[in-house]
Every structure is written in C-alpha cells, then in structure tokens.
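Every number here is computed from the coordinates shown, using simple stated rules; none is lab data. This is a predicted model, so every value here is computed, not measured.
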Amino acid sequence: LLKLRHLAPTFGGKVPIAPDPEDLLVIESVPDLVQMGHVHVLDYQIYRGVFLINSATWQAQTEFQKMVNVVPTPAKVPIIDVETARLRMIVDFSKWCEV
C-alpha cells in the first residue's frame with residue numbers, strides 16, 4: 001500500500017474500482033501517519049519515516065480466527081499525538097469489558 005503509493009494497488013486492471021478518469025486512490029504526498037484496520041491485531045511501526053498503525057478490535061477471538069490462528073488484541077486503543085504523528089499511549093479497556 002505505502003510502497004506502491006496507492007490505496008488499492010490492483011486498481012487500473014481490466015475491472016476498474018471506480019469509473020473515473022482520475023485515479024483518486026493515489027497517495028500523492030508522503031503521509032506522516034497511515035492508520036489501518038481489519039486484522040484485529042494492534043501493531044505499529046515506522047516505515048521510512050511514516051508512522052504505520054493497525055487498530056485492534058472490540059471482539060474476542062472468533063471460531064474462524066481460531067481456525068486460521070489469528071489471535072486478536074481486543075479492547076486496546078492507541079492514542080496518537082496528531083501534531084507529531086506518534087503513539088502517545090495504548091489504553092487497555094479489557095478490564096472494563098468481557099473479551
């Protein structure tokens with residue numbers, strides 16, 4: 001995603017995602033921060049000066065995740081300093097909810 005500077009790297013093939021003459025999914029300028037989700041695991045790193053973060057989930061491990069060996073990190077919320085694009089802390093809400 002970041003290496004290819006595109007939000008949908010398969011865009012532009014035989015089946016366009018959006019029938020628009022301009023590709024609006026191109027990442028034109030290098031961002032300070034890229035926030036992603038979906039895999040249910042909190043993780044972060046810096047890649048070539050860009051802070052990458054993947055948010056966690058509020059859901060405990062599902063049967064499907066057990067089958068594919070995905071261990072989620074539920075109820076953890078990253079707090080980002082938007083001025084510096086850096087992680088300030090991770091708030092763990094798991095003691096207040098069932099996960």
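For Val50, nonlocal amide neighbours, meaning residues 5 or more places apart or on other chains whose placed amide H falls under 5 Å from its own, do not occur.
Here the 3J(HN,Hα) profile of segment 23-39, calculated from phi with Karplus coefficients 6.51, -1.76 and 1.60 at θ = phi - 60°, is 7, 7, 9, 6, 8, 6, 10, 5, x, 7, 9, 10, 10, 10, x, 4, 7 Hz, Gly and Pro shown as x. Counting only DSSP beta bridges whose two residues both lie in the chain, roughly 70 percent are antiparallel. For the chain, the Kirkwood hydrodynamic radius from C-alpha pairs, put into Stokes-Einstein at 10 °C and a viscosity of 1.306 mPa s, yields a diffusion coefficient of 100 µm² per second.
Using helices alone, what [θ] at 222 nm do you get for the chain, with -39,500 (n - 2.57) per DSSP H run of 4 or more residues, divided over all residues and rounded to the nearest 500? Result for the chain, helices only: -1000 deg cm²/dmol.
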